[in-house]
1. Can you say whether A:Glu333 is over 28 Å from A:Gly393 (Cβ atoms) and among the acidic types (Asp, Glu), as far as the supplied structure shows?
2. Being in a helix (DSSP H, G or I) and open to solvent by less than 10 Å² (accessible area, probe 1.4 Å) is the filter here; which residues of the stretch B:47-65 pass it?
3. Please work out which one of (1) closer than 27 Å to A:Asn164 by Cα; (2) modelled with pLDDT under 95; (3) of a type in the set (Gly, Ala, Ser) is the condition B:Ser60 fails and give its number.
4. Suppose we filter the stretch B:73-100 for residues that are in a helix (DSSP H, G or I), out of contact with any helix residue (DSSP H, G or I) (no Cβ under 6 Å at 6 or more places or on another chain) and more than 10 Å from chain A (Cβ to nearest Cβ); how many remain?
5. Would you pick out the residues in the stretch B:18-41 that are touching a His at 6+ places or on another chain (Cβ under 8 Å) and not polar (S, T, N, Q)?
6. For the stretch A:26-39, how many residues are in a helix (DSSP H, G or I) and either under 18 Å from A:Leu300 (Cβ atoms) or among the hydroxyl-bearing types (Ser, Thr, Tyr) (or both)?
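The values are calculated or read from the model by the stated rules, or taken from the named source; none is laboratory data. Here the structure is a predicted model, which means the values were calculated and not measured. Glycine gets a Cβ as well: all are built from the backbone with ideal geometry, and neighbour counts include every protein chain shown. We work out accessible area using only protein heavy atoms, side chains counted, and drop any ligands, DNA or RNA first. Shrake-Rupley method; radii C 1.70, N 1.55, O 1.52, S 1.80 Å.
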Amino acid sequence: MSTSTAFVEDPVRPQPPIDGSYKHPEELLDANHDIVTLGDKIADVVVAKPQPKVWWFFFLVGFGLLQGLAIGLVWLFYMGVGVWGINQPVAWGLAIVNFVWWIGIGHAGTLISAILLLMHQKWRTSINRFAEAMTLFAVACAGIFPLIHMGRVWLAYWLFPFPNVMAMWPQPRSPLMWDVFAVSTYLTVSLLFWYVGLIPDLAVLRDSARNKLQRWVYGFFSLGWRGSAFHWRRYEKLYLLLAGLSTPLVFSVHTIVSFDFAVSIVPLWHATIFPPFFVAGAVYSGFAMVVWLAIPLRHLYGMKDVITLRHLELCARVMLVTGLLVTWGYALEVWMAWYSHSAYEWHTTWQRMWAGPYAWSYWALILTNSVIPQLFWSRKVRMNEWMVFLISGSVHIGMWFERYVIVITLTRDQIPGAWGRYAPTIWDYSLMIGSVGLFITLFCLFVRFLPMISITEMREFLPFKQGGRDGHSCMENAK
Amino acid sequence: MSDAHTPATPPLYGVMAEFKTADELIAATKAAVDAGYTRLDGYSPYPLGEVADHLGFPRSEIGAVMFIGGVCGAVLGFTMQTWITVIDYPLNIGGKPFWSWPQFIPITWALLVLTACMSGVFGLLALCGLPQPYHPVFNVDRFRRASKDRFFLCIEAVDPKFDPAAVKAFLTTLKPDDVAEVPE
């Protein structure tokens, strides 16, 4: 029994037009939203509107490619890793290339959600949710490769320290062991961070559900969140601390990935430049993927007012900086090889750049990763969606080649008798393409069933006169 | 048909006022606390630190929970590696000492982060009493907008000063959009 006046749902407020009549002081919003229209816009994609037909196109393409992974895995498990192109001396083939490529892509999601939060960057709010989803799915794709590269994947649990009848333990001095802990921690923490961010949004979906099933499912996952001030206080503290721990975690995870190479005594791998060089490359490729996800969302879901050209421009700037950092890394590798007077370092560099059979891949890397992205110096290019999209594509290729060039170093050892060649087989490629399919499939499902942009944080981000708090007060409120 | 055990009117959880803006809720919370109410809670679609401040909850427990969780994880992780490499399964790896502790740091760090984050998340759920699918505030129909665009202040029946009529009168002076009784 309530003495309250009867509940009257407000009539649906029309969405504000995207016609350039509204100017956000920082160009981070292109329509005059208030907390209702903004929340409706993002929530309706999930609970109300039918998906655009093109969703099915992307989903089916992704699901089709995913079959490449399924078939490739079945064949691999049946036959063993001999179906791949790996051999002696190149025992690390595409599996490791793809592992590092995917996990690098994942890092930008954490960078956006955690580091940019700590640095009070307002523009992160519009892109952090789907960037975090990207992180999760990229780490899921990455995680497949080292497991299957071990050969007997059904024994993967031997990686974890647990008392067993063999009376053996994993060897905690090995970077490969560090990798196990770093990557599984990273996946778990990314999942927790993402879910904690989602809880209030799931409550929004529960309350704007159009049918019983939606209300039940979103209600279940929102855990009964009711927006109590006491809960918010704890929530914000948790959110800030998760961001604070994720930040060094990102650096440590990719540092440890680079240790897989750098702790070995292979010329050009055994280098102290590797950890920072890998982290910069990870952020570089991750932002390229954020751009590749943001531009379709802008067009297919009409998110141009929320993800503005300014966001893309800022992503392009980050790519310009990280691109220069990796370019500096390439230059330092050559410089150190020459300056060290180590015959082995210089020989390997010479083989990599000129004399070896894969020198073309080194120059493909330099072209796509270091030369083409210099176009980002121009503001015109940074503000042009298509140019940003194309250059990001170049970065995807470049960052893949970077890992390829590193792995392929193994073809030229110090005596010609130990030289070899490496060519991926169709099964290498089917797993690689299949992992792309897995990523697309998961991302399509995410866009279909969860808010692609954080509703709660976007409401808070709105200027005061539009009903928000003009940015994140997470840092101030977290106590 | 009425059940003999059901009282004629269900007991009240509290009385709730609804506001249009965040600033109104913040002001109302302060007014209610100044008026001597001690058991009350504010509800908002996005976090408002000021409400928690006025409610006398200036600092949450999450930091301590995560610190303790992280220290436990780090200590356990380091001890585990020491026990493996020194006591239970000593291996000579490249002539390094068994207790080559700098090499234990990466796993120690990973476990520190893992346990700190997990204790933070589960600590949040435990301290907030979540998951809690049912709560009396959901009995108020208009509360659905607490996740949309409205801000609520609920003075609870457990408050020593609680008297439905007086609380309602008091809340009305704060110029809310609506005042509602919250049935248990």
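1. Numbers: over 28 Å from A:Gly393 (Cβ atoms): no; among the acidic types (Asp, Glu): yes.
Taking the combined requirement at face value, the residue does not satisfy it.
2. Residues of the stretch B:47-65 in a helix (DSSP H, G or I): B:49-54, B:62-65.
Within the stretch B:47-65, B:Gly49, B:Val51, B:Ala52, B:Ile62 qualify.
3. B:Ser60 satisfies every listed condition except (1).
4. Step one: list which residues in the stretch B:73-100 are in a helix (DSSP H, G or I), which gives B:73-88.
Subset that is out of contact with any helix residue (DSSP H, G or I) (no Cβ under 6 Å at 6 or more places or on another chain): B:75-76, B:79-80, B:82-88.
Within this subset, residues satisfying the condition of being more than 10 Å from chain A (Cβ to nearest Cβ) are B:75-76, B:79, B:86-87.
Selection size over the stretch B:73-100: 5.
5. From the stretch B:18-41, those touching a His at 6+ places or on another chain (Cβ under 8 Å) are B:26, B:29-30, B:33; that's our starting set.
If the condition is that a residue be touching a His at 6+ places or on another chain (Cβ under 8 Å) and not polar (S, T, N, Q), then B:Ile26, B:Lys30, B:Val33 are the ones that fit.
6. Applying the first criterion (in a helix (DSSP H, G or I)) to the stretch A:26-39 yields A:35-39.
Filter again for either under 18 Å from A:Leu300 (Cβ atoms) or among the hydroxyl-bearing types (Ser, Thr, Tyr) (or both), leaving A:37.
The number of residues fulfilling the criteria is 1.
Residue-wise test of (1) open to solvent by less than 30 Å² (accessible area, probe 1.4 Å); (2) at pLDDT 95 or above; (3) under 30 Å from B:Cys128 (Cα atoms).
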residue	(1), (2), (3)
A:Gln214	no, no, yes
A:Glu236	yes, no, yes
A:Leu240	no, no, yes
A:Ile256	yes, no, no
A:Ala262	yes, no, no
A:Pro267	yes, no, no
A:Ile273	no, no, no
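Results for (1) under 16 Å from the mean Cα position of the chain (by Cα); (2) away from every other protein chain (no Cβ under 12 Å); (3) among the charged types (D, E, K, R); (4) under 30 Å from A:Trp92 (Cβ atoms), shown as yes or no for each residue.
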position: A:Ser246; (1), (2), (3), (4): yes, no, no, yes
position: A:Ile256; (1), (2), (3), (4): no, no, no, yes
position: A:His270; (1), (2), (3), (4): no, yes, no, yes
position: A:Pro275; (1), (2), (3), (4): no, no, no, yes
